[in-house]
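First comes the structure, then the notes that go with it.
The values are calculated or read from the model by the stated rules, or taken from the named source; none is laboratory data. What you are looking at is a predicted structure, and each value in this text was computed from that prediction instead of being measured. Cβ sites come from the backbone with ideal geometry, for glycine too, and all protein chains shown count toward neighbours.
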Amino acid sequence: MSHVSDGGRPAERGLALRGVWKLYGATAALRDVSLTALAGHTLALLGPNGAGKSTVLRIASGLTRPTRGTVEVEGHHPGRDGIRRLIGFAGHRTFLYGALTAEENLRFYADLYGIPAAGVDAALERFALTAVRRRRAGELSRGLAQRLSLARALLHDPRIVLLDEPFTGLDASTAEALGAAIRRLREDGRTVVLATHEWDAAREVADEAVVLLGGRVALRTAAGALARSDLAGLYAGAAHR
Amino acid sequence: MRPLLAILRKDLTVEGRSRDLIPAMTLVALLLLALSGSAGLRGLDGAVVVWLAVVVSSALGLTRSFAAEVDQEQLHGLRLAPVDPAWIYLGKAAANVVVVLAVEALILGAAVVFLDLPLGGRPATLAVVLALGAAAVVSAGTLLGAVLAVAKTREALMPLLLLPLTAPAVMAASGGTVKLLEGGEPVTGEVLLLAAFLALFIAAGLLMFEYVIEE
Amino acid sequence: MLWTVLAAIALPVGIVLALVVAPVEAFQGEPYRILYIHVPSVVAAYAGFTVAFVASVLYLLRRAARYDRLAGASAEVGQVFLTLVLLTGPIWGKPVWGAWWTWDARLTTALILWFIFAGYLMLRAWAGPAGAVASAVVAVIGFLDIPLIHWSAVLLRTLHPRPAVFRPDPAMPGSMLAILLFNMAAFLLTYLALLRVRLAQEDQRARLGAIEEAG
């Protein structure tokens, strides 16, 4: 497996999409999207449903290839050997096996990523899942399942963390815990890209924001500069088109 | 190697807990035996029915095996992991072989009881043919199962495709089994064919699996 | 266009040659004439499946939709010719061997291949564009399976009483060989013509789909 050096230039760290188009047949899910998430920063990817946020994350993770354009994670294609272990992804679906217990699910992924058993125990503790470690994943409530999915995504201490609508459907306490976890990631110098259509949740944790509308980048700004009303206006404008 | 064992263990645990593959497969197989038996089929011909039962029940089971990777997009989780897709194929195939061998043993027992299948005097070679036949069907069926699951297409296509594709293996296995149960005729040709089939489909699986699961 | 014209001329000429001009075969009599349709159909069918195989491999590697369309169209036309093979087999067999069907290696291979591509076409029909990868994999493993199918059919022939084996007389008179070759060429031209027509249909459909989606 190729070795990815730690001493890359700052511009090579993090995530970069350049001129990315994604076509499904004749439909363009993404049109000429360019964005960068700098190392150690948290980027909020905003936009109404169907704007292309999930597609951006799937391309960033290497799950899908762009039709045109390039995507780079730490300077290399995300699907490459050596790069995949730097990426953590948590999306709508949990990637968990319902018949396996919480602990068994984590042990399975730990084996795939070469993480020792102690890492699983640590993850269970970190995400307050110790009490349900022997409960089958299929029997967990949505909030717990999301937490377990997040534990799975972060198990191997990835440098780039991609989260697709992580706050959706969460109760207040879990949402707060999630926010704290993301802030911790930022403190640890991880790069986080967070897709959501809700501003409130992302505002607390993001440095920068990119708004997608109809597959295009509509706005790029520092998180502090974007007010909720601006966002609502953008969405409404898109709806009328 | 480690990812293969992890996937093997995971699949067997999931099957062991949900217990839906082996019972369903065995029931279908036993039905085939029962229907043949009640229609008067006896003796050596039972060997052919045994292998038909193996491939038909495998067609049923091998679709379900990949269905478990779809509902929570677990397959994506596997793809994101730093694991060569070839290991995913081998791991799943290994788990499927265990399942099919278990069902095969049950079918064989049932055939002895219901169809008066004579168990001849070459158990070692018979075991080899049984194992190779199961592996052959699984090598094709695991690849097909992935292909059909990713295409999100109807499960009914599995028997339609698996049966003709594994026909040479099933023919060799049943022909060989008849010979083994009947007398002393050598089955080298049949064993060679089974090995060749296995080699071809494992190679195809190893090469094509990553193309099948990528998007 | 040229192919279609050539085919339109060659095919009827070939049939006339086969039915009228070709000398009568001493051993089998008039019915043997179906050879001139049966064998060229085999050639056209295998040509179709070979093209489908190559196109499928290219599709898996490059993911360009036109390879998928070519594979599908070629397999379809090939299947038409293969159906003709399976129909002319019994028509030939009954007067000559006294049996509608014989499990000789070549016919058995043709039959199983027919099932494989029937499954392939059904997969394409049911899965639509999402099934492109799936059908490509099926075409590849189906094609690679052919020698194994033939081998197993040969192996198993030893189990059953051998029917009168048909083999084109090695010392075939020149005139018969010439007509046979002519018909093979005619059938290949027909395959190409049909392929172009089918492919043009699929290209049109794809273009129409793109226009509709662009809205």
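Yes/no matrix, rows are residues, columns are (1) within 11 Å of chain B (Cβ to nearest Cβ); (2) modelled with pLDDT of 90 or more:
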residue	(1), (2)
A:LEU63	yes, yes
A:HIS77	no, no
A:ARG85	yes, yes
A:ALA90	yes, yes
A:GLY98	yes, yes
A:THR101	yes, yes
A:PRO116	no, yes
A:ALA137	yes, yes
*Quick one: A:ALA153 ticks every box in (1) surrounded by 19 or more Cβ atoms within 10 Å (Cβ to Cβ); (2) in a strand (DSSP E or B) bar one, so which box is it?*
(2)
_Residues to consider are A:VAL211, A:VAL217, A:VAL161; find the one that is surrounded by 12 or more Cβ atoms within 10 Å (Cβ to Cβ), in contact (Cβ under 8 Å) with a residue 60 or more places away in the chain, under 22 Å from A:LEU150 (Cβ atoms) and not small (Gly, Ala, Ser)._
A:VAL161
*Considering only the stretch A:119-167, state which residues are closer than 20 Å to B:GLN74 by Cβ and hydroxyl-bearing (Ser, Thr, Tyr).*
A:SER141, A:SER149
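Yes or no, residue by residue, for (1) at pLDDT 90 or above; (2) more than 9 Å from chain C (Cβ to nearest Cβ); (3) within 26 Å of B:PHE66 (Cβ to Cβ):
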site: B:MET158; (1), (2), (3): yes, yes, yes
site: B:LEU161; (1), (2), (3): yes, no, yes
site: B:PRO164; (1), (2), (3): yes, no, yes
site: B:ALA167; (1), (2), (3): yes, no, yes
site: B:GLY184; (1), (2), (3): no, yes, no
site: B:LEU194; (1), (2), (3): yes, yes, yes
site: B:GLU215; (1), (2), (3): no, yes, yes
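Filter the stretch B:196-213 for residues that are of a type in the set (Phe, Trp, Tyr) and either more than 9 Å from chain C (Cβ to nearest Cβ) or closer than 30 Å to A:VAL56 by Cα (or both) and give the result.
Step one: list which residues in the stretch B:196-213 are of a type in the set (Phe, Trp, Tyr), which gives B:197, B:201, B:209, B:211.
Result: B:PHE209, B:TYR211.
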_Return the residues of the stretch C:110-148 that are free of Cβ contacts under 8 Å to residues at least 60 places away in the same chain, more than 29 Å from B:LYS152 (Cβ to Cβ) and either within 7 Å of chain B (Cβ to nearest Cβ) or of a type in the set (Gly, Ala, Ser) (or both); say none if nothing qualifies._
C:LEU148
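Yes or no, residue by residue, for (1) under 30 Å from B:ILE7 (Cα atoms); (2) touching a Lys or Arg at 6+ places or on another chain (Cβ under 7 Å):
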| position | (1), (2) |
| --- | --- |
| A:LEU46 | no, no |
| A:VAL56 | yes, no |
| A:SER61 | yes, no |
| A:ARG65 | yes, no |
| A:HIS92 | yes, no |
| A:LEU106 | yes, yes |
| A:GLY119 | yes, no |
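For the stretch C:173-215, enumerate the residues that are of a type in the set (Gly, Ala, Ser) and surrounded by fewer than 19 Cβ atoms within 10 Å (Cβ to Cβ).
C:GLY174, C:SER175, C:ALA178, C:ALA185, C:ALA200, C:ALA206, C:GLY209, C:ALA210, C:ALA214, C:GLY215
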_If a residue must be surrounded by fewer than 19 Cβ atoms within 10 Å (Cβ to Cβ) and either within 11 Å of chain A (Cβ to nearest Cβ) or in contact with a Lys or Arg (Cβ under 7 Å, 6 or more places away or on another chain) (or both), how many such residues does the stretch B:13-36 contain?_
6
_Restricting the stretch A:156-203 to residues that are assigned to a loop (DSSP other than H, G, I, E, B) and among the charged types (D, E, K, R), the residue that is modelled with the lowest pLDDT_ = A:GLU198
*Enumeration of residues in the stretch A:50-76 that are farther than 26 Å from A:TRP199 by Cβ and surrounded by fewer than 19 Cβ atoms within 10 Å (Cβ to Cβ)*: A:ARG65, A:THR67, A:ARG68, A:GLY69, A:THR70, A:GLU72, A:GLY75, A:HIS76
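Quick one: which of B:ALA95, B:ALA102 is in contact with a helix residue (DSSP H, G or I) (Cβ under 8 Å, 6 or more places away or on another chain), surrounded by fewer than 17 Cβ atoms within 10 Å (Cβ to Cβ) and part of a helix (DSSP H, G or I)?
When all the criteria are applied, what remains is B:ALA102.
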*asked:* Please determine whether any residue of the stretch A:125-136 is assigned to a helix (DSSP H, G or I), free of Cβ contacts under 8 Å to residues at least 24 places away in the same chain and of a type outside the set (Gly, Ala, Ser).
replied: yes
*How many residues does the stretch C:25-42 contain that are at pLDDT 70 or above and among the polar types (S, T, N, Q)?*
1
*Considering only the stretch B:111-153, state which residues are outside any helix (DSSP H, G or I), free of Cβ contacts under 8 Å to residues at least 40 places away in the same chain and more than 14 Å from chain C (Cβ to nearest Cβ).*
B:GLY121
*asked:* Every residue in the stretch B:193-215 that is of a type outside the set (Asp, Glu) and surrounded by fewer than 19 Cβ atoms within 10 Å (Cβ to Cβ), please.
replied: B:ALA195, B:ALA196, B:ALA199, B:ALA203, B:LEU206, B:LEU207, B:TYR211
